[in-house]
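Please treat every number below as a calculation from the coordinates, not as lab data. Quantities reported herein were computed from a predicted structural model and do not represent experimental measurements. Note that we place each Cβ from the backbone using ideal geometry, even for glycine, and neighbour counts take in every protein chain shown.
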Amino acid sequence: MLDLQPKALLKKGGTIFIYLLSVHVMALSLFFLFRLIFFFANDYEFPLTIQHEYLLQSRSFLYGLWFDNVIACYVLLPPLAVLWISALLNWLPRALFRATAIFFSIFYGLASFVAAANIPYFAYFFKVINSSIFNWFEYGTTTAGMVLEESSYYPYLLLAVVATVLWSWSMWKLANWAYQRCKNMSSATTMDWTSRGIIFFSGAACIGLCIFGIRGRCGYNPIKVSQAFYCEDPFLNQVGINPVFNLLNSTIDEHRDGHQWLQLAVETKAVKNVQHLLQRPGITDISPIAQQVDNPQKGEKKNVIIVLMESMSAHLMDSFGADKGLTPHLDSIYNQSLHFSNCYSSGIHTNHGMYSTLYSFPAIMKRNAMKDSSIRRYAGLPTVLKEHGYRNLFFMTHESQYDNMNGFFRTNGFDEIYSQEDYPADKIANHFGVQDDYLFQYALPVLRQKADSDQPFFAVLLTISNHPPYVIPPYFRPRSCKKEEQIVEYADWSIGNFMQQASREPWFENTIFVFLGDHGKLVTTPECELPESYNHIPLMFFGKGIAPELRTDFCGQVDVAPTLLHLLGIDYVQNNLGVDLLREKRPCIFYTADDWVAARDSLHLYIYNPETNVERCFHTDSLCRPGQPNDSAFVRLKNYAFSMLQTAEYLVKHELILDRPKTKRSAQHP
């Protein structure tokens, strides 16, 4: 039995726990009240299908609680650590409790202003408040006038002030209660090892829980805004995002390596050059390169399946000169399709391949355009097809919030996302989720169900197996002895198996298949700083009515969507940097590889590193034969690449990336 002194020490520890838990619960309640006001203050008209789906709508508050807990755990951790150590030392002065009260008051006071400001911000931009607000700080007087002269902001300003005052008063009272309760207990000066151990392990457990709360989840990745996207409604998908979380994350995003705006050319000159190169005068109120596209043949709507193949370099296929027989199924499809021998990926990462293929914008160096906490809205292949009645599906092997995919794709045209969360646990091969053959196996019945409806479907299947760590399933028997080659054989076999099974489906003959690499990989010895095998990829359009043909024109992932829309006979407003490969030809192709910009034609290769200002020129018949940067051929390549990339930067920076005039509520009804 413990004596009175250890009992008092443990009671003090219990008081501290109750004190901090009370603050935590009050913080969650504060965020909940702001979210409730936000929900009803926004004059959002739900679609008829979910107007009375109150359970669906309430889920956004559950996701909100999840994000609120992340922020509350961040704030709780420093006082928890300090009070834990102080409890172990049996030293709990009044000043310590006052300091924690001030800490909580300052942070949650600021959080109240952010949460209150988020309500009118969202009402105007249809976006949760983000780092863009700091741009206004450069114009302090103007910004202050804008806020103070707009009477509709006054209720939210008053709300923030009242919330801050009440919160600070509550913190002061609660801290005083905790101190008095500790003070009234016996002031033990010694601590036995039993009570010390109980306090130590209890505090350590609380800190562990707090750190877990900050991470937000057990998965491979910590929580991202993507986790809040759970349905097709753009408003509900944003209700759950904590405004403080979004503001902090978007600020970190802006300072992330590779996120700074690229400066390769003068914007106005670059845009004019692209207008000339692409023969686009632009559309007023949309963008300087937008154009109305009227495609020729109209007919029955065909389904579309895009297979983005992980690390599938053209240099792995016999069709491109390899002689190891690693890809017999892909080589067969290649020869039966409209195929392009000079296609290059926009970048060297999967996020670049998805972004460029689906939205026809080039990769900008190492930047991940999909990962920003403040998700931009793009017009692209998914949004155009959705407007024409398609049901859009994305199948991936790994977690849905990897690279922010769930949030980005749901914001930009996709209706359904299938990911690791949907697959049986026993099918998970590694931290990248399921293997390729199971991805295809899972997708087939889903596609069959969609095909049975009156709606055409658009499906993207993103494979992963050809990415380390390589896992060869025991039921597959490769011919090669090298694991790097075995995995290519397996990836190819998975595609062949998928196509064989798909060919038995009723929807097969009414479907266009597109196969391309998300990027390549290093094959054999690199020729220069930019190994061609890392960007040179296969591209093939396969389906009934598409005549097999080899095209040697230079092209890129940005050209997939315009070409596919031509094959589908769909009219649309094009506002991107892609070209229709059936009606237009590129004189060369441009791409990036983290720190390098590249442009090539049939005879020349130009590469440039913006960070070091190093440029190199090669004749492609022999990369050992360098060229001169001032030669006209290399100057043309440089101007082409710089103009295209700088124009892409201009459009994204100024958010001229939709296919209609930008309006206050343009995001509400995509």
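Over segment 309-453, what is the relative contact order in whole percent, taking alpha-carbon pairs under 8 Å and six or more residues apart? Could you put the intermediate results ahead of the total?
On the way: 152 pairs, mean separation 20.8, N = 145.
Once divided by the residue count of segment 309-453, the mean separation gives 14 percent.
Hey, can you grab everything whose amide H is under 5 Å from the amide H of PHE340? Only 5+ residues off in sequence or another chain; H modelled, so Pro and N-termini drop out.
Long-range HN contacts for PHE340: LEU539, ARG551.
Among the aspartates and glutamates, which have Cα under 20 Å from the Cα of LYS183 when same-chain residues fewer than 8 positions away are ignored?
Cα-Cα hits under 20 Å: ASP3, ASP192.
I'd like to compare 461-473, 346-358, 372-384: which one has the highest average count of other Cβ atoms within 10 Å, and what's the full order after that? Walk me through the numbers on the way to the answer.
Numbers: 461-473: 18.6, 346-358: 25.9, 372-384: 23.3.
Highest mean packing first, the order is 346-358, 372-384, 461-473.
Pairs of alpha-carbon atoms within less than 8 angstrom and 6+ residues apart define the contacts here; what relative contact order does the chain have, in percent?
On the way: 1149 pairs, mean separation 120.3, N = 670.
Once divided by the residue count of the chain, the mean separation gives 18 percent.
Over 21 Å between C-alpha atoms is what I'm after, so list which of LYS272/LYS371; LYS302/LYS662; LYS269/LYS638 land there. Write out the running numbers ahead of the final one.
Values: LYS272/LYS371 30 Å; LYS302/LYS662 30 Å; LYS269/LYS638 14 Å.
Too far apart for the 21 Å limit: LYS272/LYS371; LYS302/LYS662.
With point charges of +1 on the Cβ of Lys and Arg and -1 on the Cβ of Asp and Glu, referenced to the Cα centre of the chain, which listed residue (ASN351, PHE508, LEU89) lies farthest in the positive direction of the dipole?
LEU89
Calculate the length of the line joining the C-alpha centroid of segment 483-524 to that of segment 212-289, in whole Å.
Centre-to-centre (Cα) distance: 31 Å.
Tell me the trypsin sites (Lys or Arg not before Pro) within segment 430-500 that lie in a loop according to DSSP and have at most 14 other beta-carbon atoms within 10 Å. Working shown, then result.
Working: sites: ARG448, LYS450, ARG479, LYS482, LYS483; in loops: ARG479, LYS482.
Taking segment 430-500 and a limit of 14 other Cβ atoms within 10 Å, the loop trypsin sites (Lys or Arg not before Pro) found are ARG479, LYS482.
As a quick test, which of the pairs LYS224/LYS366; LYS224/LYS450; LYS427/LYS450 have an alpha carbon distance above 27 angstrom in this structure?
From the list (LYS224/LYS366; LYS224/LYS450; LYS427/LYS450), the Cα-Cα distance tops 27 Å for LYS224/LYS450.
Can you list the GluC sites (Glu not before Pro) in segment 458-564 that are in a DSSP coil and have 15 or fewer other beta carbons within 10 angstrom? List each step's numbers first, then the result.
Values: sites: GLU484, GLU485, GLU489, GLU509, GLU527, GLU529, GLU532, GLU549; in loops: GLU527, GLU529.
Taking segment 458-564 and a limit of 15 other Cβ atoms within 10 Å, the loop GluC sites (Glu not before Pro) found are GLU527, GLU529.
ARG391's amide H: which non-local residues (gap 5+, or another chain) put their own amide H closer than 5 Å, with H modeled 1.01 Å from N in plane and none for Pro or chain starts?
It is PHE457, PHE458, by chain and number.
In percent, what relative contact order does segment 303-580 have, based on Cα pairs under 8 Å that are 6 or more apart in sequence?
Details: 555 pairs, mean separation 103.1, N = 278.
Relative contact order comes out at 37 percent.
Are there any helices in the chain, counted as whole DSSP H runs, that stretch 20 Å or more along their axis by Cα and score at least -0.5 on average by Kyte-Doolittle, and if so which?
Numbers: long enough: 4-41 (55 Å, 1.42); 54-88 (48 Å, 1.22); 94-125 (45 Å, 1.21); 154-183 (43 Å, 0.42); 193-215 (32 Å, 1.28); 436-451 (22 Å, -0.29); 483-502 (28 Å, -0.69); 632-653 (31 Å, 0.23).
Helices meeting the criterion: 4-41, 54-88, 94-125, 154-183, 193-215, 436-451, 632-653.
Whose amide H sits under 5 Å from the amide H of THR620, counting only residues 5 or more places off or on another chain, with H placed in the peptide plane?
Here HIS604, LEU605 satisfy the definition.
What list of ³J(HN,Hα) values in whole Hz, one per residue of segment 308-317 in order, does the Karplus curve 6.51 cos²θ - 1.76 cosθ + 1.60 (θ = phi - 60°) give from phi, with Gly and Pro shown as x?
Couplings: 8, 9, 4, 6, 8, 6, 4, 6, 8, 9 Hz.
Subtract the Cα-Cα distance of ARG94 and ARG660 from 0.36 nm times their separation in residues, and report this length gain in nm to one decimal.
Here the answer is 197.7 nm.
Segment 565-652: which trypsin sites (Lys or Arg not before Pro) are DSSP loop and have at most 13 other beta-carbon atoms within 10 angstrom? All intermediate terms of the calculation are to be shown ahead of the outcome.
Numbers: sites: ARG583, LYS585, ARG600, ARG616, ARG636, LYS638; in loops: ARG583, LYS585.
Filter output for segment 565-652: ARG583, LYS585.
Report the charge-dipole magnitude of segment 286-407 in Debye, nearest 20, computed about the Cα centre from +1 at each Lys and Arg Cβ and -1 at each Asp and Glu Cβ. Write out the running numbers ahead of the final one.
Numbers: 11 positive and 10 negative charges, 91 e Å.
Magnitude of the dipole: close to 440 debye.
Can you list the lysines whose alpha carbon is less than 17 Å from that of LYS483, not counting same-chain residues fewer than 8 positions off?
Straight-line reach from LYS483, under 17 Å: LYS324, LYS521.
Starting from the Cα of ASP426, move 7 Å in the Cα-to-Cβ direction to define the label point; list residues of segment 470-487 whose amide nitrogen is under 18 Å from there.
Residues 473-476 fall inside that zone.
Taking the radius of gyration and the Kirkwood hydrodynamic radius from Cα positions alone, what is the Rg/Rh ratio for segment 303-580, to two decimal places?
Numbers: Rg = 17.4 Å, Rh = 18.8 Å.
Answer for segment 303-580: 0.93.
Under a straight-distance cross-link criterion of Cα-Cα below 13 Å, which aspartates and glutamates are reachable from LYS298, leaving out those fewer than 8 residues away in the same chain?
Partners within reach: ASP571.
Quick one: Karplus J couplings for segment 541-549, per residue in order, coefficients 6.51, -1.76, 1.60, θ = phi - 60°, nearest Hz, x for Gly and Pro?
10, 10, x, 4, x, 9, 6, x, 7
Is it possible to state the helix-based mean residue ellipticity at 222 nm for the chain, with each DSSP H run of 4+ residues giving -39500 (n - 2.57), the sum divided by total residues, to the nearest 500 deg cm²/dmol? What is it? Write down the numbers at each step before the final one.
Values: 17 runs with 294 residues, N = 670.
Helices in the chain give a 222 nm mean residue ellipticity of -15000 deg cm²/dmol.
Can you work out ³J(HN,Hα) from phi for every residue in segment 416-428, in order, using Karplus 6.51 cos²θ - 1.76 cosθ + 1.60 and θ = phi - 60°, giving whole Hz and x for Gly and Pro?
Here the 3J(HN,Hα) series is 9, 10, 10, 8, 3, 5, 8, 9, x, 4, 6, 9, 6 Hz.
Let's test this: bin the Cα-Cα distances of the chain at 20 Å from zero up to the farthest pair and state each bin's percent.
17, 44, 29, 10, 1
How large is Rg/Rh for segment 315-453, to two decimals, with Cα atoms and a Kirkwood Rh? Intermediate results must be reported in sequence, preceding the final value.
On the way: Rg = 16.8 Å, Rh = 17.2 Å.
Dividing the radius of gyration by the Kirkwood radius yields 0.98.
Find the centroid of the Cα atoms in segment 403-469 and in segment 578-639, then give the distance between the two in whole Å.
Value for the Cα centre distance between the two parts: 36 Å.
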